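The values are calculated or read from the model by the stated rules, or taken from the named source; none is laboratory data. Computed from a predicted structure; not experimentally measured. Here the Cβ is made from the backbone with ideal geometry for all residues, glycine too, and neighbour counts use every protein chain on show. Ligands, DNA and RNA are stripped out before the accessible areas are found, and what is left, the full protein with its side chains, is counted by its heavy atoms. Shrake-Rupley method; radii C 1.70, N 1.55, O 1.52, S 1.80 Å.
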Amino acid sequence: MMISRPKIAFWVTICLSGVVICTSQKLPNIVFILADDLGYNDVSYHGSEIQTPNMDKLAKDGVKLENYYVQPICSPTRSQLLSGKYQIHTGLQHGYILPAQPHCLPTDVPILPGKLKEAGYATHMVGKWHLGFYKKECLPQNRGFDSFFGYLTGSEDYYTHFRPGDAVTSKHWLGYDLWDNDAPFWPAIGNYSVFVFNDKINNIIDKHDQNKPLFLYVPFQSVHAPLAVPDKYLEPYKDIQDRNRRLYAGMTTCMDEAIGNIVGKLKTAGMWDNTVLVFSTDNGGEVSQGGNNWPLRGWKHSYWEGGIRGVGFVNSELLPSEVKGTISRDLIHVSDWFPTLVHGVAGLPVNDTELDGFDMWDSLRSLKSPPRTELLHNIDPWPNQSAVFNTNMTAAIRVGDWKLLTGSPGDNNGQWIAPPGSGIKPHRPLSIPGQKIWLFNITADPFEQKEVSSQYPEVVTSLLNKLAGYYNGSVPVVYPKETMKASPALNQGRW
């Protein structure tokens, strides 16, 4: 079933090849919103006490993604979203990129904005990059975005926009990190980032030439630590006794309001009816900073479901009426957005780059069977990168109903943590000393309560063989030491 598009002439010129493409259909605008550290139990349509009315309505009127996976930490999710490649193929298997690391998403990897520009899209980014910035070629404005407004590192103060370092070398460093393309944006000091970003988004939409389709990538700072929000957003949560959960709840509602403002602005501009909006989290919630993934097991940094099961939905007036208001239980991964948006929505071929993602557009807008049946969550051999795969490596894979984990999946062996104030005590599973393999039937046991590796040795063998095959095709981990050259003191107080 094809989506309907307004019959408006639209020309695209690809300058490098000299090819001119003419189409009689106006391509949809694409708005991709990425929340930072939002947990599975942190939207009200999943039963949370946190109020997210705008996200609830968008999800209810669109397609909810309830078998959707991201990565357990920031940089790997963002790299897979923008490149369509598993992190084993970009060297980002081990961790997020530290501010002082001379490291970035490889610059020879094509990414989403650059591909969409080939179809004539105007491409803009507002928010968090976190894919490296040690050389100019790594910066978002040099990777296909017409404009970049936001910050380059992984977190910062919501009002001052300064951040300290992360590791030993940079621990006591402090630098400013909010940019308007290549220039630091000093007027933001003292202003809450959600409002600063919202103003910039409004400006982009106001100035957008509607003869061109728009790609707007909005990776919010919210709701990552350090926790902070204007007082008025705390009022609905005054009965939450846990301070972190109360702050986190207010931050989530503030972000939800901003999402509603973006949709409202698109409607006012007459762009909403020809827009595809995707919402995603980047990883599970961080329980020590107010997030919650109940009833899933584990949290951010882990390969238990609470670390990687994402909140996600798609909303568009271009979706057929019969799929609006439905729930998709198709297996979908964050790497699928590259081919889904480039090929499925924009209609460009993607056979010029090797992808791990699948084009899910047909399965999202119809009842067609999804192309994805298995998913490599990751294989992290750091620091002992042996020639062959072994179960000391932290790895996770999903094939059909089965999920296999090896090594150290994370977070104190994976607890179940209910929301603060629920009266439900954290539950820790029985641990087996030296255990390196876990197997679950995720369809029958989505909360990972029953480990069954001893009952299905043939399944374990099959999945270990698949992991070994993926490892054979992987590139080495790239995780350089921090460099003193990154010190803000050497860069006019800026990262």
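Observations
- Beta bridges per DSSP with both ends in the chain, % antiparallel, nearest 5: 60 percent
- Nonpolar atom fraction for the chain, defined as the carbon and sulfur part of the 1.4 Å probe accessible area, stands at 53 percent.
- Rg then Dmax, both in Å and based on the Cα atoms of the chain: 21.8, 66.
- Long pairs among LYS238/LYS436; LYS135/LYS171; LYS26/LYS368; LYS135/LYS466; LYS212/LYS403; LYS57/LYS136, criterion Cα-Cα beyond 32 Å: LYS238/LYS436; LYS135/LYS466; LYS212/LYS403; LYS57/LYS136
- Note on TYR45 and VAL168: with the Förster distance fixed at 25 Å, the Cβ-Cβ geometry gives a FRET efficiency of about 0.05.
- FRET efficiency, ALA387 to THR107 (Cβ-Cβ, R0 30 Å, nearest 0.05): 0.60
- Here the convex hull built on the C-alpha positions of the stretch 376-473 has a volume of 118 cubic angstrom per residue.
- Solvent-accessible area per residue in the chain equals 39 Å², computed with a 1.4 angstrom probe and all protein chains kept.
- Approximate spin-label separation VAL475-LEU430, in nm, with each point projected 7 Å along Cα-to-Cβ: 4.5 nm
- Charged-residue dipole, Cβ positions (Lys, Arg, Asp, Glu), the chain about Cα centre, Debye nearest 20: 180 debye
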